[in-house]
Amino acid sequence: MIAAIGATHVARGDNPPVATPARATFSVTYAVEIASATATTATVRWELAGIDEIARIRLRFDPERFEKFEGTGVLERRRGEIVWTPNAPYAHLTYQAALRHRRAPDKGFDSYIGDGWVVMRTSALFPRSAVLFRRDIEPEPKSRARLVFRLPRGWDAVTAMPPAGTREFVVESRGRFDHPRGWLILGRFHRTDATLHGTAVTIAGPAGAGVPPDRILALLDRALPLMHDLLGARTRLLIVIGADPMWRGGLSGEDSFYMHGNRPLQTPDRTSPYLHELFHVTAPFRPAWDAHWLAEGLAEFYSIELQRRIGELDDRRYTQALRFFARYGVWGHDFTRDQSHAIHNNSAPLVLYALDRRIRHATNDAHSLDDVVHALAQEGGVVTTARFLGTLRRVTGKSYAAFFRRHVYQGEIPPLPDVGISRDTVESLRSGKDAVGKGLEAGHAVVGAHPPDAGSE
Ligand SMILES: [Zn+2]
């Protein structure tokens, strides 16, 4: 079963094959230089060789983060965009990339250099790009790409990409022009490596930051087999631990996620930030504009559900988690249109829990939400709310259109009498004593675990 899912990933290109493609028609070397531990920018250089088949490359970027583009050939400059017509067959491009970036003006950093370490996504160093090929010259263009870091003395580098030498990585992505992907950490940091259930796991972070790695590995050791059964196996997982003043939450990326060191394996509201991000990283589908409630709701629902299955949550605490969802959810809003944190992380997981109960009840436990999510994972691609509803019907043989109208589009709280949740109980839950402040937690966010084009977020 797992092998079949893995094959699907490779065919879709979400999980790039580990082996270098048989035939590359040109080569790309990405070199990132950080001159000192106090630098605020990196110098990034692209060296291209044998590129007769490349007509031009369009780069799109935030002008606050990228500047000083120079290169061979012709660079047409617009604000936030460069159209580069490189000279063939050899060409190079250099630019400066800012090392610090705040997730939002008043939020923590999602890209940071400080105290001898750098934590960021590769997208902080590489703008989104689109390449126009000359197919008359090469009908099947394909790059072979490497990423090389030139760093201050004693600095190391870990990325979500396979290593190819000291501070050097194999770059493989979807498409014909390979683009660096996922999270990375540079500098002086602690790293722990393990292979768990076929997944090469690396946990890396500044010294003293976060949950001890062996406790994270113990959680993954028990949760990964269940995650793989549900969504398919992945060969690599990098967990990068951040420290203040970085964003105090989790952020998923390709084959990797970021987690602030102050986030626990299980929060006081019983959810698990680590399992939440692991769900995003593993899921080979991405949400359409109207299905963020679904992607976030599934990640949060399975963060408690998988903990229950591996014995980390007993029935009492599991029920407690559901009651927090009810209490801190926002009700009476259309989930497909309202993008608020409370709907994504409280209302949606409770409705998905209720949906799971409905499916199990209606099919005499022959089916569950697992089967529906598993089917979505096998198909991959973009999931809309309508496609999810269609998959539900196909897998379970029943229509849940009325349930969706009431609890997703109208956002009504699902009555769950066996765990003491109804429309009337929400108010009493809100005035209850067991306040944890779930609504005030820093939370987490997903930004394109599977971006539509390589390098975008
Ligand atoms: Zn999320």
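Please treat every number below as a calculation from the coordinates, not as lab data. Given the structure is predicted, the values throughout are model-derived calculations rather than measurements. Glycine gets a Cβ as well: all are built from the backbone with ideal geometry, and neighbour counts include every protein chain shown.
As a proxy for reagent exposure, ranking 256, 111, 36 by other Cβ atoms within 10 Å from fewest up yields 36, 111, 256. Restricting the stretch 260-349 to chymotrypsin sites (Phe, Trp or Tyr not before Pro) that sit in a DSSP loop and have at most 13 other Cβ atoms within 10 Å of their own Cβ leaves 289. This ranking places 423, 153 by how few other beta-carbon atoms lie within 10 Å of each, fewest first, which gives 153, 423. Remark: the stretch 43-165 carries a charge dipole of roughly 260 debye about the Cα centre, counting +1 on each Lys and Arg Cβ and -1 on each Asp and Glu Cβ. Residues whose amide H falls under 5 Å from that of residue 411, counting only those 5 or more places apart or on a different chain, are 335, with hydrogens built in the peptide plane.
With helices as the sole contributors, the chain gives -8500 deg cm²/dmol at 222 nm; each DSSP H run of n ≥ 4 counts as -39500 (n - 2.57), and the sum is divided by every residue. For a straight C-alpha distance cut-off of 12 angstrom, the aspartates and glutamates reachable from residue 107 (same-chain residues fewer than eight places away being disregarded) are 244. DSSP beta bridges fully contained in the chain are about 75 percent antiparallel. For the chain, the residue among 375, 48, 95 whose Cα projects farthest onto the positive side of the dipole built from Cβ charges is 95.
Taking Cα centre as origin and charging only the Cβ of basic (Lys, Arg, +1) and acidic (Asp, Glu, -1) residues, the dipole magnitude of the stretch 285-439 rounds to 220 debye. Count neighbours as other Cβ atoms within 10 Å of each site's Cβ, and list the trypsin sites (Lys or Arg not before Pro) in the stretch 282-342 that are DSSP loop with at most 12 such neighbours. Sites meeting the loop and neighbour criteria: 337. Between residue 153 and residue 422, the contour length at 0.36 nm per residue exceeds the alpha carbon distance by 90.8 nm.
Considering only 328, 310, 359, and ranking their Cα positions along the charge dipole of the stretch 285-439 that arises from unit charges at the beta-carbon of Lys, Arg, Asp and Glu, the one farthest toward the positive end is 359.
With contacts taken as Cα pairs under 8 Å at a separation of at least 6 residues, the chain carries a relative contact order of 14 percent. Identify, among 402, 205, 422, the residue whose Cα sits farthest towards the positive end of the charge dipole of the chain, taking +1 on the Cβ of Lys and Arg and -1 on the Cβ of Asp and Glu, with the dipole about the Cα centre. Selected residue: 402.
Taking only Cα atoms, what is the 0 to 90° angle, nearest 10, from helix 315-328's long axis to the longest principal axis of the chain? Helix 315-328 sits roughly 80 degrees off the main axis of the chain. Computed about its Cα centre, the charge dipole of the chain is approximately 340 debye, with only Lys, Arg, Asp and Glu carrying charge at their Cβ. The stretch 314-383 and the stretch 171-215 have their alpha-carbon centroids 30 Å apart.
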